[in-house]
């Protein structure tokens, strides 16, 4: 099998989520020799019950598989299999839709944190441009703490065209901008919704901004001008979730 068709993931949450949600894509789980704590035992039991291959290796060998990473005593070699991946069309066919769209967000730690929040809030998928954001990486999976295995990460060729497609499917596209007059707390977020977040440095690109149905901001009371993208995403998504729960 080509190395490009497989990758190493690491960390308790990421490996456990992969076993629970995608055991068919796991080639092997590696556990640090001598580790016998409850968190590792949970992974061992899950792997055995799922028929996943296990191998105990030394800490040095585990470090070799996860260079410059905190592996937490466990890693897994997974198959990068997208043949059955959920598509944007699949999501848009659902009765209720909540999408998170990231425009030119490139930092893997921020994307991983956004995936984690997306899972917590119940987002159907995270949509990014394949030319403007990275594919899923081990770092993103680790920061996401298992959310990368539960929230579809959909890469599109042209984000502006994808937003037009989303709008044509009766989904309201709400973009975030520091200069928007209306705040996230003033809008109706209870409809089929796509929340668009721009990069920290530049915000949304012009075509992305023009594709939005409305623009909203996060009210800032202090001296700082903006929030970290993952923090801003969490603020907006939890307001969306609050409104949805109040409606129901």
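The values are calculated or read from the model by the stated rules, or taken from the named source; none is laboratory data. Since the model is a prediction, treat every value here as computed from it, not as a measurement. Counting neighbours? That spans all protein chains shown, and the Cβs are built from the backbone with ideal geometry, glycine included.
Annotations for the structure displayed:
- Residue count for region 83-105, restricted to those that are out of contact with any helix residue (DSSP H, G or I) (no Cβ under 8 Å at 6 or more places or on another chain) and either outside any loop (DSSP other than H, G, I, E, B) or more than 24 Å from residue 229 (Cα to Cα) (or both): 12
- Residue-level check: of (1) in contact (Cβ under 8 Å) with a residue 60 or more places away in the chain; (2) touching a strand residue (DSSP E or B) at 6+ places or on another chain (Cβ under 7 Å); (3) within 23 Å of residue 241 (Cα to Cα), residue 205 misses just (3).
- Those residues of region 19-45 which are within 18 Å of the chain's Cα centre (by Cα) and either outside the structural domain of residue 70 (by TED's automatic domain parsing) or closer than 11 Å to residue 79 by Cα (or both), in sequence order: 22
- Scanning region 121-136 for residues that are surrounded by fewer than 23 Cβ atoms within 10 Å (Cβ to Cβ) and touching a residue at least 60 places away in the same chain (Cβ under 8 Å) returns 121, 122.
- Candidate set: region 26-39, residues that are under 23 Å from residue 119 (Cβ atoms) and crowded, with 17+ Cβ neighbours inside 10 Å; chosen: the one modelled with the highest pLDDT: 29
- Flag if residue 233 is in contact with a helix residue (DSSP H, G or I) (Cβ under 6 Å, 6 or more places away or on another chain) and assigned to a loop (DSSP other than H, G, I, E, B): no
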